[in-house]
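Single-structure report; data block below.
Coordinate-derived values only; no laboratory data. All values derive from a computational prediction rather than experimental measurement. No Cβ is skipped: glycine too gets one built from the backbone with ideal geometry, and neighbour counts run over all protein chains shown.
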Amino acid sequence: MSTINRQVLTLDEFTIQQLRMFPKATGELSMLLRDIGRAAKRINVEVNKAGLVDILGEAGNTNVQGENVKKLDVFSNNQMVGVLRHGISCAGIGSEEMDDVVVFDDPVSNDSKYVVLFDPLDGSSNIDVNVSIGTIFGVYRRVSPVGRPCTKEDFLQPGVKQVAAGYIIYGSSTMLVYATRRGVNGFTLDPSIGEFCLSHPNIKTPELGKIYSVNHGNFFEYDERIQNYITNCQKKDKTNGGPYTQRYIGSMVSDMHRNLILGGIFMYPSTKSMATGKLRLQYECNPFAFIIEMAGGKATDGVNRILDIQPEFLHQRSPFFAGSKGMMEELEQY
Ligand code: AHM
Ligand code: MG
């Protein structure tokens, strides 16, 4: 007898079920999430083949079949842009891979309610060594009038205006996790049927965790208060059971995913050479801040709530601290 539970809801079935509970919903957001799920499946296929690049051809070259091999991040970007352009729910996109936003400007897109900001393949420097990587996205309701092309203002909204945010992790399993104000749900790709299946319903992050994730190599580059907090994580005389465990993959999606499930804190502080840190506010920080808050955690830039920051320009960077409520409150004492 098969041990796989075929009664489990697929992503499509889940979004339809959600629609049934809210009869006034138009279904546009559901369709958008399904479009992103489709891009994720295509990216997943290519990510799985990454180790074969030497056999099948180098990025930018022609492979043995005479096909042009695209770099994975370019491929992923094209897939995301493609599904959103051809869908009916998105008026335009901003991508970490592209200098400027893309306004779709056709009659269907101009009538769409949403714009999407994404990092198509985060942690792509990890591909060559077979480490999990991901796609990150945030969905905003546009502020410009529907019926016309979307505008720059639609893409410069604070993260609190997101209606949904999520990520795909290409790991030992491929998962799509997304949050709306109704909660956070995780879907694992069942390769045998090619569907994302609800595997982690209503994710809540533990209030206290024992994992801290930070690039220790930058220790002497951090502000003294951050150094003190990190040192404190390593001390044994803690009321909440220290020392904590240090885990840092260097792939934000993987580090945040693990901490979301197990409880923990993830930090990318500013450094002496990077005054605003490394991570991008619109493509990386805002989606994860939204997800972690909807799961019961917190996210700040060290002072301000990430979701309240008014972006001034695309590709803006921000220091980023996110995770379990208890650990974030502990950090705030520093
Ligand atoms: P990328 O968008 O160029 O891939 O960079 C973002 C990645 C994150 O996934 C990760 O958290 C961070 O860079 C790691 O940076 P570092 O190697 O400096 O610790
Ligand atoms: Mg990135």
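Pull up the cross-link candidates among the aspartates and glutamates for residue 272, meaning alpha carbon to alpha carbon under 13 Å and not fewer than 8 places away within one chain.
The reachable aspartates and glutamates, counting only those whose Cα sits under 13 Å from residue 272, are 221, 223, 224.
Quick check on my link table: of 24/325; 24/161; 49/325; 49/152; 161/278, which ones sit more than 27 Å apart, alpha carbon to alpha carbon? Numbers along the way, then the final one.
On the way: 24/325 34 Å; 24/161 20 Å; 49/325 38 Å; 49/152 36 Å; 161/278 23 Å.
Over 27 Å Cα-Cα: 24/325; 49/325; 49/152.
Sorted by mean Cβ packing within 10 Å, highest first, what order do the peptides 226-232, 271-277 take?
Packing order, densest peptide first, comes out as 226-232, 271-277.
What spacing in nm lies between the two simple spin-label points modelled at residue 207 and residue 74, each 7 Å away from Cα in the Cβ direction?
5.1
Averaging sequence separations of C-alpha pairs under 8 Å and six or more residues apart, then dividing by the length of the chain, give the relative contact order as a whole percent.
On the way: 707 pairs, mean separation 50.1, N = 334.
RCO, the chain: 15 percent.
Given a Förster radius of 35 Å and the C-beta distance between residue 182 and residue 220 as r, what FRET efficiency does 1/(1 + (r/R0)^6) yield to the nearest 0.05?
The computed FRET efficiency comes out at 0.20.
Given R₀ = 22 Å, FRET efficiency for residue 310-residue 100 by Cβ-Cβ distance, to 0.05? Walk me through the numbers on the way to the answer.
Working: r = 20 Å, r/R0 = 0.89.
Taking R0 as 22 Å, the efficiency between residue 310 and residue 100 is 0.65.
Compute the distance from the alpha-carbon center of region 78-125 to that of region 256-318, in whole Å.
Distance between centres, Cα-based: 22 Å.
Structure shown: which of 41/204; 210/235; 204/298 lie over 19 Å apart, alpha-carbon to alpha-carbon?
As for pairs spanning more than 19 Å Cα to Cα, those are 41/204.
Return the distance in nm (one decimal) between the two label points of a simple spin-label model at residue 200 and residue 332, each offset 7 Å from Cα along Cα→Cβ.
Modelled inter-label distance: 2.5 nm.
So for the pair residue 272, residue 52, with labels modelled 7 Å out along Cα→Cβ, what separation do we get in nm?
Inter-label distance under the simple model: 4.7 nm.
Just going by the charge dipole of the chain, with Lys and Arg at +1 and Asp and Glu at -1 on Cβ, which of 248, 78, 217 is farthest out on the positive end?
After comparing all options, I get 248.
Quote the relative contact order of region 70-201 in percent (integer), defining contacts as alpha-carbon pairs under 8 Å separated by 6+ residues.
That works out to 16 percent.
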